[in-house]
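Novice: Would you mind keeping the following structure in view while I ask a few things?
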2 protein chains.
Amino acid sequence: MTAIRVGWIGTGVMGAPMCGHLMASGYPVTVFNRTRERARSLLERGAAWADSPRAVAQHADVVFTMVGFPDDVREVVLGPAGALAGAGRGTILVDMTTSEPSLAREIYEAAHGRGVASLDAPVSGGDIGAREAHLSIMVGGERDVFERAAPLLRCLGTTIVHQGPAGAGQHTKMANQILVASGMVAVCEALLYAYKAGLDLPTVLQSVSGGAAGSWSLTHYAPRILARDFVPGFLVDHFIKDMGIALAEAQRMRLSLPGLALVEQLYLALAAQGDGRKGTHALVLALARLSAVEWPATPSAPPPPR
Amino acid sequence: MTAIRVGWIGTGVMGAPMCGHLMASGYPVTVFNRTRERARSLLERGAAWADSPRAVAQHADVVFTMVGFPDDVREVVLGPAGALAGAGRGTILVDMTTSEPSLAREIYEAAHGRGVASLDAPVSGGDIGAREAHLSIMVGGERDVFERAAPLLRCLGTTIVHQGPAGAGQHTKMANQILVASGMVAVCEALLYAYKAGLDLPTVLQSVSGGAAGSWSLTHYAPRILARDFVPGFLVDHFIKDMGIALAEAQRMRLSLPGLALVEQLYLALAAQGDGRKGTHALVLALARLSAVEWPATPSAPPPPR
């Protein structure tokens, strides 16, 4: 049996370590990236280079895409130099970008018409999850295609779930992002309230983290917010993209999501204030500015007067 | 050494089991409740009855109050037949009701003037936490008073933290409720989105529960929301009280909390729709009605057309 040939398009902060896991598992890999320099470490480890997504697909049985925005997905998959143009019958296209459910269905239809299979397989877990191969991968597409791709996906993550037909992976990711969005408002408003009330924030966290108010975001982001460490796990600008997709899909489904709509507006404000390249937990800065609160540089900074 | 004599005012769904834990630990207890019948099981187990909060305090070294609303706290602590009127010098008044930080400070001042000590010590963990004695107890007041009351509090909970001066316990509870409030919007909007998108909700939970979108609320409430089980863990009407306190305190501190303000409005709508006596996770019903979505009776009900 010949090894499955892997193509990988998009070798950024997520894509590069993910592609590396497949190489480490012994799959022969051909890569393309808009900026070749960012693929260098993979090339040095033995990946082949191709000059376009189309050329990648010509040398691969399964082609992964992990790029930035839906327009990028459209270009690298459906464009004239895109992967679909180079894909032979039986090839599987796996888009792991967080993108539009409707685009996932469009890709499915276009690929299907040429005897090419496709999956939408966005992930959660961030750059750390990508590096440590413990991503949650939410997959839409035909079940038998999912089963064929599953051994490769298991090199990248620990929670690999088939969610339904084409687009279902993206829809699941949107549900994930809706949870994250209002969850971050919860964390930031609670910390801001506690700060204005003159409480000692680490002590507050002792009381509220273990019970009904607890969350992954509180556990992982509150300490960074208290330390004023806004280095991105996940970029504000990318989160705004995701919320825009979710709200557009909700509008298409005639579904009102007032909480998500508010969070999007707060993040748009945060980006307008110049913080689009910070991490999503920088939301506390926009909320602090709203009330002219200066967020302290360290948790030991003196609290404001009672 | 004579055993500390305990007074307990308010033997409802929270207070009765909490008082029972102190009795089980060997403390002699005198109780009062507006409806005597609801204290019966404690009286049968050997608690003494007193005809007023004042009379309770006349027979106790530490007097706990666990009642409904701030007005109730004011009456049973500061009223003419309240605990303070009966308390001797050195008595400790411990209000465990979720109530106003400003009222906690008012009680502290009034008590202090008579040589009586006080703590505000609201809890999280709900009726189950009360029954199983694993509450989180957030305490405001003087540290030495906290240390004196701590052995009794440890009979009631597992996380007992001194948060600062009078009012700090209530402020911490407000931070807890701010987390819970937007966290519930997150859970309900995400489930509603996933449902409208035609996804299988238990399968979605497999993908999103373990990572950055995970929370106590998602783990504990989502299954009940899917089962359309809206039996209260925590009542909508009581949660509206808590959010009202938090928003009033925030206004006093000149702090804008747009997320919390929106959640309060959604819960006011839910109560207006007749669901004030359901559990807080019934928020999904108000959000569903907003978009004329009929929330299915069981997770296996057919999804709406795509």
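Novice: P(r) of segment B:25-167 in 10 Å steps, Cα pairs, percent per bin?
Specialist: Whole-percent P(r) values from 0 Å outward: 12, 44, 39, 5.
Novice: OK, next. Points 7 angstrom from Cα along the Cβ direction at residue A:59 and residue A:142: gap in nanometres?
Specialist: The answer from the label model is 2.8 nm.
Novice: Can you tell me the dipole magnitude for segment B:81-122 around its Cα centre, using point charges on the Cβ only (Lys, Arg +1; Asp, Glu -1), in Debye to the nearest 20?
Specialist: Roughly 220 debye, rounded to the nearest 20.
Novice: Calculate the FRET efficiency for residue A:290 and residue A:128 from the Cβ-Cβ distance with a Förster distance of 35 Å, rounded to the nearest 0.05.
Specialist: 0.70
Novice: If each label sits 7 angstrom from Cα along the C-beta direction, how far apart, in nm, is residue A:291 from its counterparts in the other copies?
Specialist: 3.0
Novice: Largest first and to the nearest Å, give the Cα extent of segment A:129-193 along each principal axis.
Specialist: Principal extents (largest minus smallest coordinate, Cα): 50, 26, 11 Å.
Novice: For peptide B:125-134, compute the average count of partner chain beta-carbon atoms within 10 Å of each residue's beta-carbon.
Specialist: Across the residues of B:125-134, the mean count of other-chain Cβ atoms within 10 Å is 1.
Novice: Any of B:173/B:278; A:241/B:196; A:173/A:241; A:173/B:196 with alpha carbons more than 18 Å apart? Name them for me.
Specialist: B:173/B:278; A:241/B:196
Novice: Sticking with this one: PRE reach from residue B:269 (point 7 Å along Cα→Cβ): which of segment B:167-209 fall under 13 Å by backbone N?
Specialist: B:185, B:189
Novice: Could you pull out every whole DSSP H run in chain A that spans at least 27 Å of Cα extent along its own axis and averages 0.0 or higher on the Kyte-Doolittle scale?
Specialist: Those that pass (Cα extent of 27 Å or more, hydropathy at least 0.0) are A:168-196.
Novice: OK, next. Put a label point 7 Å from Cα along the Cβ direction on residue A:81, then list its distances to the equivalent points in the other copies in nm, shortest first.
Specialist: Result for residue A:81, in nm, nearest copy first: 8.6.
Novice: Please report the buried accessible area for the interface of A with B, total over both chains, probe 1.4 Å, in Å² to the nearest 100.
Specialist: Result for this pair: about 5000 Å² buried.
Novice: What's the long-distance tail for chain A, i.e. % of Cα pairs beyond 34 Å?
Specialist: Of the Cα pairs, 28 percent sit more than 34 Å apart.
Novice: Separate question: Go through segment B:156-177 and flag every residue whose accessible area shrinks by 30 Å² or more with all protein chains in place compared to the isolated chain (probe 1.4 Å).
Specialist: Correct list: B:161, B:163, B:171, B:172, B:175, B:176.
Novice: Per 0.36 nm of contour for each residue apart, how much would the distance between residue A:49 and residue A:24 grow if the chain were fully extended, relative to their Cα-Cα spacing?
Specialist: Here the segment from residue A:49 to residue A:24 would lengthen by 7.3 nm.
Novice: Next question. Taking every DSSP beta bridge with both residues inside segment B:6-165, roughly what % is antiparallel (nearest 5)?
Specialist: 10 percent
Novice: Same structure, new question: Within the accessible area of chain B, what % is carbon and sulfur when the probe is 1.4 Å and the other protein chains stay in place?
Specialist: 53 percent
Novice: Please name the residues of segment B:211-227 whose accessible area, counted over protein heavy atoms with a 1.4 angstrom probe, falls by no less than 30 Å² between the chain alone and the full protein assembly.
Specialist: The answer is B:212, B:213, B:216 - residues whose exposure falls by at least 30 Å² when every protein chain is included.
Novice: On average, how much accessible surface per residue is there in segment B:85-172, in Å², for a 1.4 Å probe, leaving out ligands, DNA and RNA?
Specialist: 34 Å²
Novice: Given label points at 7 Å from Cα along Cα→Cβ, what nm distances, shortest first, separate residue B:5 from the same residue in every other copy?
Specialist: Result for residue B:5, in nm, nearest copy first: 9.0.
Novice: Also: Quantify how much of the Cα-Cα distance distribution of segment A:82-161 extends past 16 Å, in percent.
Specialist: So the pairs more than 16 Å apart make up 49 percent of the total in segment A:82-161.
Novice: Dividing the convex hull volume of the Cα atoms of segment B:181-306 by its residue count, what figure in Å³ per residue is obtained?
Specialist: It comes to 108 Å³ per residue, whole-number rounded.
Novice: Considering only the protein assembly as shown, what is the antiparallel percent among its DSSP beta bridges, to the nearest 5?
Specialist: 15 percent
Novice: Given R₀ = 35 Å, what would the calculated FRET efficiency be for residue B:110 paired with residue A:206, taking r from the Cβ atoms and rounding to 0.05?
Specialist: 0.75
Novice: To continue, here is another question. Per-residue ellipticity at 222 nm for chain B, helices alone: DSSP H runs ≥ 4 residues times -39500 (n - 2.57), over residue total, nearest 500 deg cm²/dmol?
Specialist: It comes out at -14000 deg cm²/dmol, rounded to the nearest 500.
Novice: Here's a follow-up. Place a +1 charge on the Cβ of each Lys and Arg in the protein assembly as shown and a -1 charge on the Cβ of each Asp and Glu, then give the dipole magnitude about the Cα centre in debye, rounded to the nearest 20.
Specialist: In debye, rounded to 20, the protein assembly as shown gives about 240.
Novice: Sticking with this one: What is the distance in Å between the Cα centres of segment A:5-44 and segment B:226-296?
Specialist: 47 Å
Novice: Could you give the size of the charge dipole of chain B about its Cα centre, using +1 on the Cβ of each K and R and -1 on the Cβ of each D and E, expressed in debye and rounded to the nearest 20?
Specialist: Computed about the Cα centre, the dipole is about 200 debye.
Novice: Continuing with this model, one more query. Name the chain B residue nearest the rotation axis between B and A, going by Cβ position, and give the distance in whole Å.
Specialist: Of all Cβ atoms in chain B, the one nearest the axis gives B:215, 2.
Novice: Percentage of Cα-Cα pair distances in the protein assembly as shown greater than 35 Å, rounded to whole percent?
Specialist: Counting every Cα pair in the protein assembly as shown, those more than 35 Å apart make up 46 percent.
Novice: For segment B:1-98, what is the per residue volume of the convex hull drawn over the alpha-carbon atoms, in cubic angstrom?
Specialist: Given the Cα convex hull of segment B:1-98, per-residue volume reads 85 Å³.
Novice: With a ≥ b ≥ c taken as the square roots of the eigenvalues of the C-alpha gyration tensor of segment A:164-219, please select rounded if a/c is under 1.5 and otherwise prolate if a/b is larger than b/c or oblate if it is not?
Specialist: It is prolate, given that a/c is not under 1.5 and a/b is the larger ratio.
Novice: How shielded is A:247-257 by partner chains, expressed as the average number of their Cβ atoms within 10 Å of its Cβ atoms?
Specialist: 5
The values are calculated or read from the model by the stated rules, or taken from the named source; none is laboratory data. All values derive from a computational prediction rather than experimental measurement. Glycine gets a Cβ as well: all are built from the backbone with ideal geometry, and neighbour counts include every protein chain shown. We work out accessible area using only protein heavy atoms, side chains counted, and drop any ligands, DNA or RNA first. Shrake-Rupley method; radii C 1.70, N 1.55, O 1.52, S 1.80 Å.
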